[in-house]
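Accompanying notes for the structure given below.
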Amino acid sequence: MVREAAATSSRTDPWEVALQQFGVAAELLSLKRGIRELLSLPKRELTVNFPVQLEDGSVRVFTGYRVHHSTILGPTKGGIRYHPAVTLNEVRALAMLMTWKCAVVGLPYGGAKGGVICNPKELAAGELEHLTRRYATEISLLISPESDIPAPDVGTTPQVMAWVMDTYSMHRGFSVPAVVTGKPISIGGSQGRIEATGRGVMIVAREAARHLGMPLHGARVAVTGFGNVGSVAATLLHEHGCRIVAVTDSRGGVFNDKGLDPAELLRHKAQTGSVAGYRGADAVTNEEVVELPCEILVPSALEGEITRQNAARVKARLIVEGANGPTTLEADEILRERKVLIVPDILANAGGVIVSYFEWVQDLQSFFWTEEEINDRLERIMVRSFREVWAVGQERKVEMRTAALVKAVSRVADALMTRGIYP
Ligand code: NAD
């Protein structure tokens, strides 16, 4: 019933999609009505309208949000997005997904998300700093190392996190590095954080390929979105012997069936701003890459890349979701019927929040780990989480997305029942 509703809905409202996905897990777990209702609502939402003085002397008012979905497992964790299309429903949906993502890999966090409706590319560096410091001040009602720890998301950077940390610290009167993660290393950031999400993608791709009996060596890999996540995933899969046959970014893409060298592509991108035009490869669009002959597809750009329109033409046997929400609900159904294995976003791209957790722990104890220690611990958590989700899938005879949600939702619901209902 819930699955049918999910299959026919449009993907335009991310909050509707998040609720439908939660509904599938809630049905399978036979969650009691009250618990189901509680988990399907954000715990608290803050909307802030605030002024920023621009460089031409004018004042512009921006709208921002911070949403806490759940605090059952611990303080909330989630990124801050700067994008013109930010909406409260998108922030709500991403906050709920963060609850499940943290729960599925066993982190002691609830989910949160923040966003400001703005185009950071149109703001001067000074304007971006003022916007960030004012937004951080406005949401300081909610954030702290004990209650809510933001991180970068689309449109925000380690520098933006540095401004949030500095603003919060100025108000407190002393440095509080643990209030945000994804900071530059010089002010309490962690080794391995920048590569963490792509590294996690590589680890689960390797585990999934093993289950499919597919050798990684020589496997053809197509990557959409050669940004932070996609480029690291491509580089590490290349190191494991995969043949990277195609990559794209917002300005175009390249294809070569003999394989591409990610290090050379990164050099080309650093020089020209895009992978497009790389010599020794044919031009290809993002839409074409989704349908290319390959064994592994790693969507790492945007939401809704694999849709009802193209899912039947996907050739890959394995999809590892580097991006958040790259597969629509309708495409999910088609791929399920076609027996394409999908490692879902809440598991596949959890490497970022796992190393953010390490960053927070290191900041709280003021004792820092080596990159080797970080990568070892990340590897252990990703492998363990993959195996646990796989086992749930086998036991309940459901695909990995539902299995991951079932595992996450049951962990949060169990914690809620153990804590009890206050007062
Ligand atoms: P990024 O900005 O570094 O990279 C995104 C890439 O996608 C860029 O290369 C951009 O050019 C490309 N892109 C944009 N529009 C495109 C289009 N239409 N066709 C093809 N390519 C396009 O961002 P990122 O940090 O790598 O994040 C990518 C995805 O991964 C997002 O969905 C994000 O939410 C998700 N994610 C990121 C992290 C992280 O730690 N960075 C963690 C979890 C999830």
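For every residue, the table says whether it meets (1) open to solvent by less than 60 Å² (accessible area, probe 1.4 Å); (2) within 19 Å of R317 (Cβ to Cβ); (3) more than 11 Å from the ligand (Cβ to nearest atom).
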{"site": "A219", "(1), (2), (3)": "yes, yes, yes"}
{"site": "L236", "(1), (2), (3)": "yes, no, yes"}
{"site": "T248", "(1), (2), (3)": "yes, no, no"}
{"site": "P262", "(1), (2), (3)": "yes, no, yes"}
{"site": "G273", "(1), (2), (3)": "yes, no, no"}
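You will find that of G304, G280, the residue that is more than 9 Å from the ligand (Cβ to nearest atom), closer than 30 Å to T99 by Cβ and modelled with pLDDT under 95 is G304 and no other. Which members of region 324-348 meet the condition of being surrounded by fewer than 23 Cβ atoms within 10 Å (Cβ to Cβ), of a type in the set (A, V, I, L, M, F, W, C) and within 27 Å of H217 (Cα to Cα)? Selection gives L335, V340, L341. Within region 25-38, residues that are in contact (Cβ under 8 Å) with a residue 24 or more places away in the chain sit with their Cβ atoms under 7 Å from residues that are basic (K, R) and buried (at least 17 other Cβ atoms within 10 Å of the Cβ), at 6+ positions apart or across chains, in these pairs: A26/R36. A single member of G57, G74 is away from the ligand (no atom under 16 Å from the Cβ) and either open to solvent by less than 10 Å² (accessible area, probe 1.4 Å) or free of Cβ contacts under 8 Å to residues at least 24 places away in the same chain (or both), and it is G57. Being under 13 Å from T63 (Cα atoms) and of a type in the set (S, T, Y) is the filter here, so list the residues in region 74-101 that pass it. Listed by number, the residues that qualify are Y82, T87. Among the residues of region 197-227, just one is in contact with a Pro (Cβ under 9 Å, 6 or more places away or on another chain) and under 22 Å from D376 (Cα atoms), namely A209.
Given the structure, is A316 buried (at least 24 other Cβ atoms within 10 Å of the Cβ), under 30 Å from L28 (Cβ atoms), modelled with pLDDT of 95 or more and within 16 Å of the ligand (Cβ to nearest atom)? When the stated conditions are applied, A316 does not pass them.
Of all residues in region 281-320, exactly one satisfies the criterion of being under 11 Å from V223 (Cα atoms) and in contact with a Cys (Cβ under 9 Å, 6 or more places away or on another chain), namely I296. Among helices (runs of 4 or more DSSP H) entirely within region 329-423, having at least 2 residues that are at pLDDT below 95 singles out 329-337. If you check A178 against the conditions, is it closer than 18 Å to V343 by Cβ and open to solvent by less than 10 Å² (accessible area, probe 1.4 Å)? In short, no. Does T370 count as of a type in the set (S, T, Y) and more than 24 Å from P184 (Cα to Cα)? Here the answer is no, as T370 does not meet what is asked. With the condition kept exactly as written, say whether any residue in region 291-304 is touching an Asp or Glu at 6+ places or on another chain (Cβ under 7 Å) and free of Cβ contacts under 8 Å to residues at least 60 places away in the same chain. For region 291-304, residues touching an Asp or Glu at 6+ places or on another chain (Cβ under 7 Å) and free of Cβ contacts under 8 Å to residues at least 60 places away in the same chain: absent. Pairs linking a residue in region 351-377 that is more than 13 Å from R199 (Cβ to Cβ) and away from the ligand (no atom under 16 Å from the Cβ) to a residue that is open to solvent by less than 70 Å² (accessible area, probe 1.4 Å) and in a helix (DSSP H, G or I), with Cβ atoms under 6 Å and 6 or more positions apart or on different chains, are D363/P177; D363/A178; L364/A178; F368/Q362.
Being closer than 16 Å to V355 by Cα, surrounded by 16 or more Cβ atoms within 10 Å (Cβ to Cβ) and not polar (S, T, N, Q) holds for only one residue in L123, L107, and it is L107. Look at (1) more than 30 Å from I203 (Cα to Cα); (2) assigned to a helix (DSSP H, G or I); (3) touching a Pro at 6+ places or on another chain (Cβ under 6 Å) and you find that E127 fails only one, number (3).
Within region 319-340, the set of residues being in contact (Cβ under 8 Å) with a residue 60 or more places away in the chain and more than 13 Å from the ligand (Cβ to nearest atom) comprises T328, L329, E330, D332, E333, R336. Inside region 110-120, can you point out the residues that are of a type in the set (A, V, I, L, M) and surrounded by 24 or more Cβ atoms within 10 Å (Cβ to Cβ)? A112, V116, listed by residue number. When region 158-167 is limited to residues that are of a type outside the set (A, V, I, L, M) and under 11 Å from T132 (Cα atoms), the one that is nearest to the ligand (Cβ to nearest atom) turns out to be Q159.
The values are calculated or read from the model by the stated rules, or taken from the named source; none is laboratory data. Here the structure is a predicted model, which is why all the values come from computation and not from measurement. Heads up, the Cβs are rebuilt from the backbone with ideal geometry, glycines too, and the neighbour counts pull from every protein chain shown. Note: areas computed on protein heavy atoms with side chains; ligands, DNA, RNA excluded. Shrake-Rupley method; radii C 1.70, N 1.55, O 1.52, S 1.80 Å.
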